[in-house]
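Working notes for the structure below.
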Amino acid sequence: MGEIKEIKNAELLKEANEIVKIGNKAVKKAIEENKKYNLPEIKFIKGQIYFISENGDLIKKEDK
């Protein structure tokens, strides 16, 4: 799926921004809950899953 560079329809742009805002809040809440249970933060980068260590290093998840 390609990245959308520009949305010319003002109403569609407003709705897209609201969806992104909701998504960002959900991610922030999930990260906070994970910290509460001492679970690592996870990133998905170019099809790979990484854990973020306590010192900020990315650790690639090993395939099983």
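The values are calculated or read from the model by the stated rules, or taken from the named source; none is laboratory data. This is a predicted model, so every value here is computed, not measured. Note: ideal-geometry Cβ built from the backbone for every residue, glycine included; neighbour counts use all protein chains shown. SASA here: full protein model, heavy atoms, side chains in, ligands and nucleic acids out. Shrake-Rupley method; radii C 1.70, N 1.55, O 1.52, S 1.80 Å.
What the table shows:
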| quantity | calculated |
| --- | --- |
| Selection count, segment 27-64, where residues are small (Gly, Ala, Ser), surrounded by 10 or more Cβ atoms within 10 Å (Cβ to Cβ) and under 28 Å from Glu3 (Cβ atoms) | 1 |
| Cross-chain or 6+ apart pairs with Cβ under 6 Å, segment 9-28 first and at positive phi and among the small types (Gly, Ala, Ser), then open to solvent by 90 Å² or more (accessible area, probe 1.4 Å) and in a loop (DSSP other than H, G, I, E, B) | none |
| Count of segment 4-23 residues which are surrounded by 10 or more Cβ atoms within 10 Å (Cβ to Cβ) and in contact with a helix residue (DSSP H, G or I) (Cβ under 9 Å, 6 or more places away or on another chain) | 1 |
